[in-house]
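This report refers to the structure that appears directly beneath it.
Read the figures in this text as sums done on the coordinates, not as results from a lab. This one's a predicted model, so the numbers in the text were calculated from it and none came from an experiment. Because the Cβ atoms are built from the backbone with ideal geometry, glycine has one as well, and the counts that use them run over all protein chains shown.
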Amino acid sequence: MSVWTINETISAIDKKAYQRHDISEKEAHFLIAKVIQKTNEYSKNESSNILFVSLDNDIVKGSSTFAYTSHRSADDALHVFTAYDQGCQYLITSDGRIRKQLPITIHGFLEKIKMYVLDITKEDDIDDFINNLDSM
C-alpha cells in the first residue's frame with residue numbers, strides 16, 4: 001500500500017472524532033496510536049504481507065495520468081495506480097466508488113491488467129480473498 005494510506009487513515013479517524021462525533025477523542029487517540037504502532041511493526045518486518053510503497057515521481061505521474069483517463073479522484077487514482085504498479089491482483093477497500101467497477105481494467109500503460117476489488121464490508125469478498133491467499 002502507498003504510505004499515503006496512513007495519512008488517509010489518520011484523517012478518517014480524526015474526522016470521525018472531531019467532525020462527526022462518532023467516536024470520542026480518547027478513542028481517536030487510541031486508534032491513531034495503534035495505526036502508527038502497526039505501521040512501524042509491519043514496515044520493519046520483512047516477512048510481512050504488507051508492503052509500504054514510498055511515493056516517488058513515477059507513481060505520482062502515473063497516478064495523475066490514471067486520474068485523468070479514468071476520471072477518478074487523485075486519492076483513488078494514487079491507491080489504484082500504486083497497486084497496479086506493484087503488480088497487485090487485489091485492491092481491498094470499503095470505498096463504494098471503487099467497488100462499483102469490479103474488476104478495474106487499467107488501460108493506457110504497458111499492458112492491460114485486471115485487478116479485483118474486494119469490499120472489506122462484505123463477508124463473501126473477505127472469504128474469497130482468504131481462500132485465494134494460498135494461490136497468490
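The dipole here belongs to the chain: it is taken about the Cα centre, uses +1 on the Cβ of Lys and Arg and -1 on the Cβ of Asp and Glu, and is about 380 debye.
Placing unit charges on each Cβ (+1 for Lys and Arg, -1 for Asp and Glu) gives the chain a dipole about its Cα centre, and among Ile23, Tyr90, Thr69 the Cα reaching farthest toward its positive end belongs to Thr69.
For segment 1-77, the Kirkwood radius over C-alpha pairs fed into Stokes-Einstein at 37 °C and 0.692 mPa s yields D = 230 µm² per second. When each of the peptides 58-67, 79-88 is scored by the mean number of other C-beta atoms lying within 10 Å of its residues, the order from highest to lowest reads 79-88, 58-67. Of the chymotrypsin sites (Phe, Trp or Tyr not before Pro) found in segment 16-54, those that fall in a DSSP loop while having at most 16 other beta-carbon atoms within 10 Å are Phe52.
What the pair-distance distribution of the chain shows, using all Cα-Cα distances binned every 10 Å from zero, is 11, 35, 38, 15, 1 percent.
With both labels modelled 7 Å from their Cα along Cα-to-Cβ, the Lys100 to Ile32 distance reads 3.2 nm. Each Lys and Arg contributes +1 and each Asp and Glu -1, all at the Cβ; summed about the Cα centre of segment 4-44, the dipole is approximately 80 debye. The value for segment 4-44 of Rg(Cα) / (2.2 N^0.38 Å) is 1.17. Legend: distances between Cα atoms for Lys44/Lys100; Lys26/Lys114; Lys26/Lys100; Lys61/Lys114; Lys16/Lys38; Lys16/Lys114; pairs beyond 30 Å are Lys44/Lys100; Lys26/Lys114; Lys26/Lys100; Lys16/Lys114.
With the simple spin-label model, which puts each label point 7 Å out from Cα in the Cβ direction, the Glu46 to Ile120 separation comes to 2.8 nm.
Computed extension length for Glu8-Asp58: 15.9 nm, one decimal, from 0.36 nm per residue of separation with the Cα-Cα distance subtracted.
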